[in-house]
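Remarks on the structure that follows.
The values are calculated or read from the model by the stated rules, or taken from the named source; none is laboratory data. A quick note: this is a predicted structure, and the numbers were derived from the prediction, not measured. Using ideal geometry, Cβ is built from the backbone for each residue, glycine included, and neighbour counts are taken over all protein chains shown. These accessible areas exclude ligands, DNA and RNA; they are computed on the full protein's heavy atoms, side chains included. Shrake-Rupley method; radii C 1.70, N 1.55, O 1.52, S 1.80 Å.
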Amino acid sequence: MGLPDNYELLALEEAGLSHQEIADKYHVTRQAVTWRFDNHLKIKKRAHFQEVTALMPWDVASHPAKDRLKQQAAFLGLRAYLRKRLDMDVSARSAQAMRAFLNRVSNGEVLAVGVTGAHYVPREAADGNLVIRWPADEPRPEERLELFELEESEQDG
């Protein structure tokens, strides 16, 4: 049968299917699916990731723990939250990370990024209604700031 084109593969992954589930659907090995993603879809996935991370007040590309940061559930939850706020598609897996993120944030915490990666810290007055701890050395651009505000409907979980 073989795998579908790259666009269909990306759509399946965004829909929350694992590489094994895609493999089962097309009667191929999981390794074949992973190989296709790693070798043919890397550029598309990187651009997809950068689209949202470019909005963040941290330089993820040069972060000392970049690889760890990009895999942390808290960071993935923030990315999904931003994607939702931008009316972009959110996969089932990302939606789960976003729910966990919103649970922590609505219970009085914000996401901070330090040299070791992302972590939750108690909300302080200076954080206002933001879902993140804005870096002290980074200006707060008004047009981007609203993306990071917790909406009233989300404060109840």
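Going through region 75-96 one residue at a time, which ones are within 8 Å of the chain's Cα centre (by Cα) and more than 21 Å from ASP59 (Cα to Cα)? Steps first, please.
Applying the first criterion (within 8 Å of the chain's Cα centre (by Cα)) to region 75-96 yields 75-83, 94.
SER94 - this is the single residue of region 75-96 that is within 8 Å of the chain's Cα centre (by Cα) and more than 21 Å from ASP59 (Cα to Cα).
Tell me yes or no: at least one residue of region 41-54 is in a helix (DSSP H, G or I) and at pLDDT 85 or above.
No.
Find all pairs meeting these conditions: Cβ atoms under 9 angstrom apart; at least six residues apart or on different chains; first residue within region 1-23 and open to solvent by less than 30 Å² (accessible area, probe 1.4 Å); second residue modelled with pLDDT under 90 and among the hydroxyl-bearing types (Ser, Thr, Tyr).
GLY16/SER91; GLY16/SER94; ALA23/THR34
Can you pull out every residue in region 84-115 that is within 22 Å of GLU21 (Cβ to Cβ) and touching a helix residue (DSSP H, G or I) at 6+ places or on another chain (Cβ under 6 Å)? Break it down into steps so the answer makes sense when it comes.
Of region 84-115, the ones within 22 Å of GLU21 (Cβ to Cβ) are 89-100.
The answer is ASP89, VAL90, SER91, SER94, ALA97, MET98, ALA100.
Tally time: how many residues in region 110-133 are out of contact with any Pro (no Cβ under 6 Å at 6 or more places or on another chain) and part of a loop (DSSP other than H, G, I, E, B)?
Number satisfying all stated conditions: 7.
Report whether or not VAL90 is in contact with a Lys or Arg (Cβ under 7 Å, 6 or more places away or on another chain) and of a type outside the set (Gly, Ala, Ser).
It is true that VAL90 is in contact with a Lys or Arg (Cβ under 7 Å, 6 or more places away or on another chain) and of a type outside the set (Gly, Ala, Ser).
Each row is one residue, and each column tells you yes or no for (1) crowded, with 18+ Cβ neighbours inside 10 Å; (2) farther than 16 Å from ALA74 by Cβ; (3) of a type outside the set (A, V, I, L, M, F, W, C).
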{"residue": "GLU109", "(1), (2), (3)": "yes, no, yes"}
{"residue": "ALA118", "(1), (2), (3)": "yes, no, no"}
{"residue": "VAL121", "(1), (2), (3)": "no, no, no"}
{"residue": "ASN129", "(1), (2), (3)": "no, yes, yes"}
{"residue": "ALA136", "(1), (2), (3)": "no, yes, no"}
{"residue": "GLU143", "(1), (2), (3)": "no, yes, yes"}
{"residue": "GLU146", "(1), (2), (3)": "no, yes, yes"}
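Considering ARG79, ARG68, which residue is assigned to a helix (DSSP H, G or I), in contact with a Gly (Cβ under 6 Å, 6 or more places away or on another chain) and closer than 24 Å to THR116 by Cβ?
ARG68
Going by the conditions given, is GLU8 of a type in the set (D, E, K, R), in contact with a Ser or Thr (Cβ under 8 Å, 6 or more places away or on another chain), over 30 Å from PRO139 (Cβ atoms) and modelled with pLDDT under 90?
Numbers: of a type in the set (D, E, K, R): yes; in contact with a Ser or Thr (Cβ under 8 Å, 6 or more places away or on another chain): no; over 30 Å from PRO139 (Cβ atoms): yes; modelled with pLDDT under 90: yes.
No, not satisfied.
Is it true that ALA136 is assigned to a loop (DSSP other than H, G, I, E, B) and over 30 Å from GLU21 (Cα atoms)?
Values: assigned to a loop (DSSP other than H, G, I, E, B): yes; over 30 Å from GLU21 (Cα atoms): yes.
Yes: the conditions hold for ALA136.
Only residues that are in contact (Cβ under 8 Å) with a residue 60 or more places away in the chain and open to solvent by 30 Å² or more (accessible area, probe 1.4 Å): list them for region 59-89, please.
ARG85, LEU86, ASP89 - these are the residues of region 59-89 that are in contact (Cβ under 8 Å) with a residue 60 or more places away in the chain and open to solvent by 30 Å² or more (accessible area, probe 1.4 Å).
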